[in-house]
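First comes the structure, then the notes that go with it.
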2 protein chains.
Amino acid sequence: MGKKPVTYELIHECKQTGARRGVIHTLHGDIQTPVFMPVGTQATVKSMTPEELKEEVGAQIILSNTYHLYLRPGHKLVEEAGGLHKFMNWDRPILTDCGGFQVFSLQDLRTIEEDGVEFKSHLDGSKHFFSPEKVMEIENSLGADIIMSFDECCPYPSTYEYTKQSMERTTRWAIRCKNAHKYPEKQALFGIIQGGFYKDLRKQSLDSLVELDLPGYAIGGIAIGEPKEEYLDILRYVAPLMPKDKPRYMMGIGSPDYLIEAAIAGIDMADCVLPTRIARHGTALTSHGKLIVRNQTYERDFSPLDPECDCYTCRNYTRAYIRHLMKAQEILGIRLLSIHNLKFLTKLMERVRIEIENDSLLDFKNEFYKKYGYTKE
Amino acid sequence: MGKKPVTYELIHECKQTGARRGVIHTLHGDIQTPVFMPVGTQATVKSMTPEELKEEVGAQIILSNTYHLYLRPGHKLVEEAGGLHKFMNWDRPILTDCGGFQVFSLQDLRTIEEDGVEFKSHLDGSKHFFSPEKVMEIENSLGADIIMSFDECCPYPSTYEYTKQSMERTTRWAIRCKNAHKYPEKQALFGIIQGGFYKDLRKQSLDSLVELDLPGYAIGGIAIGEPKEEYLDILRYVAPLMPKDKPRYMMGIGSPDYLIEAAIAGIDMADCVLPTRIARHGTALTSHGKLIVRNQTYERDFSPLDPECDCYTCRNYTRAYIRHLMKAQEILGIRLLSIHNLKFLTKLMERVRIEIENDSLLDFKNEFYKKYGYTKE
């Protein structure tokens, strides 16, 4: 067995919270953790160049979507182009999801069976079939550093019985993924812990996946619309049970409070479309909470989006100008907000890493919540 | 009388064609001519940052639109922001047009009288009135280095009688603009030569405007949809008659052949939305002609848009990737095409300047036309 493509190094545990400060080593460079990963669904983080992501935002790793790239432009085309890194001109680490979340979101457009899922493309209605083997074929072609095993993401809420069956199938699919994965020396296959909002099922899922000795694990199937208390309840139950010597990834979170809580629970990685999606709708994340820049109140406001921010946008442009761009439907408005929002989360995680090293993450959380305008938890 | 805000310095006349190689000196820096000016209609060159325009494209001056900025966000707001340069973060020269072309394009939405033009906003149907004095108020507020006098742009074709009346009114409006212009020491007011496709009217227009001793002159009312021979006929008649010691500006051209012909006729400046507009529709200008990157033929083409180009886009991305972005409606596709197209025209004009200095512009034109795929003239 050769060198592992992804390894986790623990640097420090916060004495106040137990949060982990670490490094994930990959073949495309190191990732300081906890880390937020911007999402580049269709082989591009919406509106951004790779250079902006690296130089202005400071992104260490990005996520891209298997479902979308399979449908368009097709994984074989990406492979012919030399893989996703080369195709999109990004030389840092990439993680691809497994398409499960997207396929299972198609509600009326898919049929689940033991072998896999049949679904209809959201683009043209054409029929497709994802099995664990097919998903591995796609993720192998795309060539990301971290690839996710094929899972079923249950809707919220689901019954105990359904969640149990689904979770057990997800484990069987993980085994099939491990067996089908062609490049374990180049791409690290992570397992996804399911089990919905039932702790015993989460525990069973975790235990059975840990037996597979995968190089990393993710929590799937929360942060899918449930109340925050239920998110916290499952997060705080599952995260500490996850292997300590491997990366722990919480899927699909991007709001500052969810990210801070995940770090406190011992999570190393997270991703979400939130910062770029709300940018396209004209909303900025700031140290004093969300700012809806289209609002009339900013018409003649010649201050930056966030006076405490030093990003490209805040160094050079005013709320009044960005408001004008958004009202005039100019692309530059989306770009400026995307840079700012991504940088906001990058800096938040930088700060979280420092607070972990200083054993003061809980103090920081309380201070941040107060300033940002969160009430509590 | 103080220092003039804009002066023209002739460096060399091409012995093969008579084309002018010069420098326009402005308070925001020098402009090497002949020059192509990217258009930033709504205080942004669509999809681009100022840094990209400077560093990747090499834009020396940009144009912005009085009509659009008057309606949104309003010239007074821009003035409060510290003027257009500061509002949009652009520290090189700016030219604002006079709104005439836009207002007169509104066909059923405007009424022309001696005092000015009443029109309805294309945004909300609200009524507005542009007079020469109003246009000067707006352009003074915006604060561009070069401002255009208010003119009427006749439709093509128009009768001799109507064109004559309209041209004479445009001259009377130029006089009113000169009188109303508040900052002649900071902003250079250019006159617009009208007269449609009637040479004697063009001559009358030019002579009467030259009497006003304005710091520069533009040719308006051609390149508005007429056949190319008529464009060339008027261009070649008017341009050589324009004052030699002042900048000569041909309005609204951006296709390579029109730009080369204008330079040969003795023009110094030109502008057009073409490179950014066709970018948004997925078309690239290349040394071998236009390339419609959405075409199926480029699906697996892993070569750059233009193998002879060294722009950011061509250095880093393939036709296959850009095609994917455009089909997936990703903003980055528009950005990459906009950078490439603008750089293509910037480099074309750089080359034109060198060929003028070498007295070989006609040879270059013939060579370029052949390669680009133009038949003749």
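The values are calculated or read from the model by the stated rules, or taken from the named source; none is laboratory data. Everything numeric in this text was worked out from a predicted model, so none of it was measured. Here the Cβ positions follow ideal geometry from the backbone for every residue, glycine too, while neighbour counts run over all protein chains shown.
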**Message:** Tally up the residues in the stretch B:66-102 that are closer than 25 Å to B:Ser166 by Cβ, away from chain A (no Cβ under 14 Å) and crowded, with 24+ Cβ neighbours inside 10 Å, please.
**Reply:** 7
**Single residue of A:Gly225, A:Gly196 found to be on the phi > 0 side of the Ramachandran plot and at pLDDT below 95** = A:Gly225
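So, of the residues in the stretch A:147-170 that are assigned to a loop (DSSP other than H, G, I, E, B) and touching a helix residue (DSSP H, G or I) at 6+ places or on another chain (Cβ under 6 Å), which turns out to be surrounded by the most Cβ atoms within 10 Å (Cβ to Cβ)?
Initially, the stretch A:147-170 is screened for residues assigned to a loop (DSSP other than H, G, I, E, B), giving A:149-159.
The next check asks that each one be touching a helix residue (DSSP H, G or I) at 6+ places or on another chain (Cβ under 6 Å); those that pass are A:149-154.
Working: A:Ser149: 30, A:Phe150: 28, A:Asp151: 32, A:Glu152: 22, A:Cys153: 23, A:Cys154: 22.
Per the criteria, the residue is A:Asp151.
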**Request:** Scan the stretch B:330-377 for residues that are outside any helix (DSSP H, G or I) and either hydroxyl-bearing (Ser, Thr, Tyr) or more than 18 Å from B:Lys15 (Cα to Cα) (or both) and jot them down.
**Result:** B:Glu330, B:Ser360, B:Gly373, B:Tyr374, B:Thr375, B:Lys376, B:Glu377
**Asked** Name the residues in the stretch A:273-296 that are within 14 Å of another protein chain (Cβ to nearest Cβ), of a type outside the set (A, V, I, L, M, F, W, C) and surrounded by 22 or more Cβ atoms within 10 Å (Cβ to Cβ), would you?
**Response** A:Thr276
**Complete:** Looking across the stretch A:305-345 at residues that are in contact with a Lys or Arg (Cβ under 8 Å, 6 or more places away or on another chain) and within 12 Å of A:Leu285 (Cα to Cα), the single one that is farthest from the other protein chains (Cβ to nearest Cβ) is A:Cys309
**Request:** Those residues that are away from chain A (no Cβ under 13 Å) and touching a Pro at 6+ places or on another chain (Cβ under 6 Å), I need them from the stretch B:32-59; list them, please.
**Result:** B:Ala59
**Request:** Report, by residue number, each residue of the stretch A:220-235 that is over 13 Å from the mean Cα position of the chain (by Cα) and under 19 Å from A:Phe190 (Cα atoms).
**Result:** A:Leu235
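Does A:Arg353 satisfy the condition of being under 22 Å from B:Leu332 (Cβ atoms) and basic (Lys, Arg)? Working first, answer last.
Working: under 22 Å from B:Leu332 (Cβ atoms): no; basic (Lys, Arg): yes.
Spelling it out, it is not the case that A:Arg353 is under 22 Å from B:Leu332 (Cβ atoms) and basic (Lys, Arg).
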**Asked** Of all residues in the stretch A:117-142, which are touching a Phe, Trp or Tyr at 6+ places or on another chain (Cβ under 8 Å) and in a loop (DSSP other than H, G, I, E, B)?
**Response** A:Ser131
**Message:** Among the residues of the stretch A:171-225, what is the count of those that are part of a loop (DSSP other than H, G, I, E, B), surrounded by fewer than 19 Cβ atoms within 10 Å (Cβ to Cβ) and either touching a His at 6+ places or on another chain (Cβ under 8 Å) or of a type in the set (Asp, Glu) (or both)?
**Reply:** 3
**Prompt:** Out of (1) within 11 Å of chain A (Cβ to nearest Cβ); (2) farther than 14 Å from A:Gln42 by Cβ; (3) within 27 Å of the chain's Cα centre (by Cα), what's the single condition that is false for B:Phe302?
**Reply:** (3)
**Asked** Among the numbered criteria (1) surrounded by 24 or more Cβ atoms within 10 Å (Cβ to Cβ); (2) within 12 Å of chain A (Cβ to nearest Cβ), which single criterion is violated by B:Ala270?
**Response** (2)
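Tell me the residue from B:Glu299, B:Glu357 that is under 27 Å from B:Ala19 (Cβ atoms) and surrounded by fewer than 22 Cβ atoms within 10 Å (Cβ to Cβ), please.
After ruling out the rest, the residue left standing is B:Glu357.
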